[in-house]
Each structure stands twice: as C-alpha cells, then as structure tokens.
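S.K.: One structure is given below, represented as structure tokens, and several questions about it will come after.
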Amino acid sequence: MFAALPNWHPMLVHFPIACFAVAVALDIVLVARVGTAWLDRTALVSYAVATGSSLTAALTGKFAADAFEATLGTTASEAVAEHGDWAFFAVIFMVATFGVRFDAFWRDRARDRVSLTRVRLGALGLAVVAGFVLAGTASRGGELVYGYGVGVHESTP
C-alpha cells in the first residue's frame, strides 16, 4: 500500500512544525493583546499537539535513519546524524516550552483574561528559541532529501 513511501517520517514530520508555528503565533497575539482565556487555551493545546507529534516524528525519523544507514555514504550518514542531533534538541526545547507554557496557563486558569507575567514571557522566549532549533532541524532534513537524496534515490558515497 505504501511502497512509494518507505517510512512514515516524511508523512508525519510536517505536522509538529506547523502546530508549533501556530502555537507561537497565537502566543504572540496573546501577549501583544493580553488576550482572553480561550486564546490562552488554544495556544496551549497547539503546543501540546506539536510536542506530542514531535515525539512521534522523531521516533519515526530514528527508524528511517536506521533503515537507510546501510545504503548511505559517509557524508550523507554524517548529515543524518547531525539532523538527528538537532531533532533531539528540538524535541527537548519543545517539551520544555510546553512545560513552562503549562505553568503559565495553570496560574491563570481561573481568570477570564490572562495576565502578562514573567512566566508567560519566558515561555514565549523559550518558544522562539525552540522555533529556531526546529527550523535548523527542518533545514537539515530538507538538505538530506534535496541535497543527498535520502529516501528519494540511492545514495553515493
């Protein structure tokens, strides 16, 4: 059924990137306008979905890397390892962002409007850093596909 798609990673990897971008955008609007509780909860759910799906994407990426390892040349293999390292840090930053963001939500859970606190601003700052790490990971993943042809055609050493 999925013979043209040798692994699930390419199908799953874009979802956490999009969800995280939406979550950060919602948080920026929330902080800029000190928004309502529903906007706070929507951003939190977006962070949760992005974080959970990033774990799945990283796991399927590890499976894909293991499956392609024997067919890759040295340079491509090193690029896969670097992409994996960046993915690990991206997931760590996303989990940390969600944790701090949950704390900000928990402090304002009984209010109709959220307050602009250091925790909330810290969560947004951490989210921006996580976004850059995620972008670096995505860039390296794109390089694997478009530069080395990993998962697309046979690699050359």
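Each reported figure results from applying straightforward, stated rules to the coordinates on display, with no laboratory input. This structure is a prediction, so every number in the text was calculated from the model and none was measured. Quick reminder, even Gly has a Cβ in these numbers, built from the backbone with ideal geometry, and neighbours come from all protein chains shown.
S.K.: Using the membrane-span-like helix rule (whole DSSP H runs, Cα extent along the own axis of at least 30 Å, mean Kyte-Doolittle hydropathy at least -1.0), which helices of the chain qualify?
M.R.: 37-68, 74-107, 118-146
S.K.: Oh, and also: Mind checking the full-extension length gain between Ala67 and Val95? Use 0.36 nm per residue of separation minus the Cα-Cα distance, one decimal, nm.
M.R.: 7.4 nm
S.K.: Please give the residues of the range 114-148, grouped as numeric ranges, whose backbone N is less than 15 Å from a label point set 7 Å along the Cα-to-Cβ vector of Ile28.
M.R.: Inside the label zone: 124-133, 135.
S.K.: Taking 0.36 nm per intervening residue step and subtracting the Cα-Cα distance, what contour gain separates Ala18 from Phe102 on full extension?
M.R.: Going from the current span to full extension adds 28.3 nm.
S.K.: Oh, and also: Which value in deg cm²/dmol, rounded to the nearest 500, describes the helix-derived mean residue ellipticity at 222 nm for the chain, given -39,500 (n - 2.57) per DSSP H run of n ≥ 4 and division by the residue count?
M.R.: Calculated mean residue ellipticity at 222 nm is -26500 deg cm²/dmol.
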